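The values are calculated or read from the model by the stated rules, or taken from the named source; none is laboratory data. This is a predicted model, so every value here is computed, not measured. With ideal geometry, Cβ positions are generated from the backbone for all residues, glycine too; neighbour counts draw on all protein chains shown.
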Ligand code: GAR
């Protein structure tokens with residue numbers, strides 16, 4: 001799909017929002033032909049909401065409900081409704097720490113992407129940088145992928161490798177991965193906005209990391 005008008009994106013995050021800030025700034029500078037239609041968080045006071053407010057972008061906290069790792073039914077319906085009302089065409093998960101499935105994915109089928117801090121399929125799940133460090137790999141990185149019903153299993157759009165250095169701690173390695181994330185995620189969102197990504201089953205084509 002190629003867009004005559006800017007792609008309307010909805011961004012979901014639970015944390016400090018550095019990925020969102022990189023995407024918002026790439027949109028602001030005209031590098032990405034998209035518009036942030038809405039930012040949602042399941043964490044009141046999350047940094048991502050502050051990044052949105054500073055940039056005069058619409059942002060809301062929505063109460064996630066009674067579960068710890070997913071949204072409850074009421075919360076899920078509230079997220080879906082808010083994103084629909086905002087006319088969102090692509091959902092960008094940027095450090096959203098709850099698993100989305102069922103109704104949410106059916107509502108936005110094939111239109112949800114996520115960034116994960118490892119080279120998938122290695123180290124899915126939580127604290128992937130720490131998993132990589134503990135395992136002893138010498139190269140890790142980050143992956144942007146479509147979201148399906150599994151955990152970090154959807155079709156891969158783009159990846160960037162990051163070396164593990166002698167003396168790395170979980171903190172230094174995560175910071176180096178996040179630098180790569182701030183390059184990769186805006187580049188992928190830009191490619192989607194230009195209609196360059198084709199998906200067939202779990203194979204995607206069209207992302208050119210050199211284009212940025
Ligand atoms: C990022 O490193 C992202 O890859 C990770 O959370 C961080 C959010 O940072 N996501 C996951 O681990 C998802 N399983 P940010 O709030 O600064 O963008």
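Residue under question is residue 164, and the condition is that it be away from the ligand (no atom under 15 Å from the Cβ) and in contact with a helix residue (DSSP H, G or I) (Cβ under 7 Å, 6 or more places away or on another chain); does it hold? Yes: the conditions hold for residue 164.
A search for C-beta distances below 6 Å between a residue of region 121-138 that is without any contact (Cβ under 8 Å) to a residue 12 or more places away in the chain and closer than 16 Å to residue 178 by Cα and any residue that is in a helix (DSSP H, G or I) and near the ligand (Cβ under 10 Å from one of its atoms), counting only pairs 6+ apart in sequence or on different chains, returns nothing. State whether one or more residues within region 98-106 are surrounded by fewer than 23 Cβ atoms within 10 Å (Cβ to Cβ) and in contact with a strand residue (DSSP E or B) (Cβ under 6 Å, 6 or more places away or on another chain). Looking for residues that are surrounded by fewer than 23 Cβ atoms within 10 Å (Cβ to Cβ) and in contact with a strand residue (DSSP E or B) (Cβ under 6 Å, 6 or more places away or on another chain), one finds at least one in region 98-106, hence yes. If the condition is being within 12 Å of the ligand (Cβ to nearest atom) and surrounded by fewer than 18 Cβ atoms within 10 Å (Cβ to Cβ), then region 113-142 contributes 124, 125, 126, 127, 130.
Every listed requirement among (1) away from the ligand (no atom under 12 Å from the Cβ); (2) more than 20 Å from residue 17 (Cβ to Cβ); (3) at pLDDT 95 or above is met by residue 149 save one, (3). Among the conditions (1) crowded, with 19+ Cβ neighbours inside 10 Å; (2) touching a strand residue (DSSP E or B) at 6+ places or on another chain (Cβ under 6 Å); (3) without any contact (Cβ under 8 Å) to a residue 24 or more places away in the chain, the only one that residue 198 does not satisfy is (1).
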